[in-house]
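Take a look at the structure set out below.
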Amino acid sequence: MTASERAAQLVRIAAEAAGDKLADDILAYDVSEQLVITDAFVLCSAPSDRQVRAIVDEVEKRLREDAGAKPVRREGEREGRWVLLDYADIIVHIQHEEDRMFYALERLWKDCPLIELPDHVTAHQDHRSRTVGSASE
């Protein structure tokens with residue numbers, strides 16, 4: 001069993017929305033073999049609570065406008081450190097980078113297949129990594 005076409009569509013939209021708000025380390029996992037409650041996870045992070053909230057707003061807006069999807073559950077919005085948006089087919093985790101490092105959800109789901117994201121979604125990350133890497137050399 002693999003993630004449904006609907007889940008793949010929602011993953012792409014959520015990842016693009018997060019990327020447009022300069023989210024870091026955007027990843028998507030097909031968890032359909034491991035969980036019955038959802039098909040995919042989208043993970044991303046940001047360096048500040050304010051940016052976490054901006055990413056949440058953009059993901060919700062784009063999924064509503066582009067796919068007619070509304071979250072069935074939302075958690076963590078008040079704190080702005082780790083916001084979980086549950087769309088049934090997918091769950092989007094938007095974390096402050098400190099929380100992302102601490103909880104390391106990638107470790108938990110490393111055996112699940114990654115869902116390939118469009119190149120432009122992670123383009124700023126590649127540029128940012130090169131800039132940060134060259135500054136420290």
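The values are calculated or read from the model by the stated rules, or taken from the named source; none is laboratory data. Note that the structure is a prediction, hence the values are computed from the model and not measured. We work out accessible area using only protein heavy atoms, side chains counted, and drop any ligands, DNA or RNA first. Shrake-Rupley method; radii C 1.70, N 1.55, O 1.52, S 1.80 Å.
Only protein atoms count toward the accessible area here, which uses a 1.4 Å probe; on the chain, the carbon and sulfur part of that area reaches 50 percent. Accessible surface for residue 26 stands near 10 Å², nearest 10, in the context of the full protein assembly shown (1.4 Å probe).
Rolling a 1.4 Å probe across the protein heavy atoms gives the chain an accessible surface of 56 Å² per residue. The 3J(HN,Hα) values that the Karplus relation (6.51, -1.76, 1.60; θ = phi - 60°) gives for the range 102-108 are, in residue order, 5, 7, 6, 4, 4, 4, 5 Hz. Gly and Pro appear as x.
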